[in-house]
């Protein structure tokens with residue numbers, strides 16, 4: 001289900017802020033070079049491997065955001081998100097500037113910030129939710145280390161696709177949510193105001209009920225209002241996932 005904004009606020013108020021890491025850039029395939037038929041064939045360069053670590057930026061307080069490197073400021077990136085430090089995936093860099101993903105609506109929001117206003121670090125983790133297979137795959141250093149069946153959104157309240165990230169880990173609002181909740185930067189497209197909370201944030205959490213737990217089973221199921229539900233034992237293994245970790249939600253072949 002979609003996490004209630006108020007529930008997140010109550011949870012984070014009782015917890016210590018976590019400092020963590022996040023997402024990086026992907027490279028484009030290298031085109032095959034042309035060669036003359038009377039010459040020995042040139043070696044065709046293969047597509048570079050996917051990144052094994054991801055660059056993230058921790059802000060130095062509230063910082064200005066711009067639509068392009070060096071452009072006038074058009075927004076303010078807040079120092080915290082629901083009381084937790086703002087730690088954002090870096091998706092592009094130029095000298096003295098970095099482009100980062102944002103946690104706020106609309107989905108897919110990005111901005112450029114001065115590199116001097118952030119501290120850069122890396123994370124080895126990467127999450128991929130495949131809506132077609134209904135499984136959440138966890139990568140570390142480019143290698144698959146976990147693969148879990150997941151409860152995903154129903155056709156009426158689908159889980160949104162796109163490139164997102166984990167924004168924070170919070171205490172569960174009740175035991176049905178499992179040992180903790182991983183809040184993400186994704187927002188429901190079908191629900192804009194869940195239970196008069198002011199937002200509808202997608203999160204990774206427990207199955208809510210034993211019935212839904214059985215429906216997830218070993219294959220996954222479309223049972224939620226957009227959130228990503230896991231068996232409690234599987235969710236517990238995600239305690240190593242820091243804020244800023246990239247989450248790609250895809251549909252079909254990866």
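The values are calculated or read from the model by the stated rules, or taken from the named source; none is laboratory data. This structure is a prediction, so every number in the text was calculated from the model and none was measured. As a convention, Cβ positions derive from the backbone with ideal geometry for all residues, glycine included, and neighbour counts pool all protein chains shown.
Structure notes:
- Only listed residue being surrounded by 19 or more Cβ atoms within 10 Å (Cβ to Cβ), more than 30 Å from residue 120 (Cα to Cα), touching a helix residue (DSSP H, G or I) at 6+ places or on another chain (Cβ under 7 Å) and at pLDDT 95 or above, chosen from 220, 151: 151
- Of all the residues in region 94-109, those that are surrounded by fewer than 17 Cβ atoms within 10 Å (Cβ to Cβ) and over 13 Å from residue 247 (Cα atoms) number 7.
- Subset tally (residues that are in contact (Cβ under 8 Å) with a residue 12 or more places away in the chain and within 14 Å of residue 175 (Cβ to Cβ)) for region 208-228: 4
- All positions within region 128-154 that are in a loop (DSSP other than H, G, I, E, B) and farther than 30 Å from residue 83 by Cα: 131, 132, 133, 134, 142, 154
- Which listed residue, of 103, 21, 68, is part of a loop (DSSP other than H, G, I, E, B), at pLDDT 50 or above and under 18 Å from residue 164 (Cα atoms): 103
- Taken together, 157, 234 contain a single residue that is part of a helix (DSSP H, G or I) and touching a residue at least 12 places away in the same chain (Cβ under 8 Å), which is 234.
- Test: residue in region 218-226 that is within 27 Å of residue 86 (Cα to Cα) and assigned to a helix (DSSP H, G or I): no
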